[in-house]
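All of the numbers you see were taken from the coordinates with simple rules; none came from a lab. From a predicted model like this one, the values you see are computed outputs, not experimental measurements. Heads up, the Cβs are rebuilt from the backbone with ideal geometry, glycines too, and the neighbour counts pull from every protein chain shown.
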C-alpha cells in the first residue's frame, strides 16, 4: 500500500516509521522524502480499506496527515 504524507524531514521520517513498526511489526516500511507526495509504502500487510484506515490513524496520532493512494480498480 502507498500513502501520500506531509512528512518533511528525517525526523518526521523516523517518527512515522517508528510508529508504523510498533503498530504493524510484520510490515516492511519505507518513506520517500524525495518524492513530491512524500510516499509512505508498506509491504507485508494485506492491502485493504481496514488496514489503510489503521495506517492513516497511526499517521494522525503521530502528528502527520496522509491519504491512501489506492490502486486503480480491476474493472
Quiz item: Tally time: how many residues in segment 14-65 are farther than 17 Å from residue 4 by Cβ, more than 12 Å from the chain's Cα centre (by Cα) and either in a strand (DSSP E or B) or touching a residue at least 40 places away in the same chain (Cβ under 8 Å) (or both)?
Solution: 1
Exercise. Scan segment 47-63 for residues that are closer than 13 Å to residue 12 by Cα and touching a helix residue (DSSP H, G or I) at 6+ places or on another chain (Cβ under 6 Å) and jot them down.
Key: 62
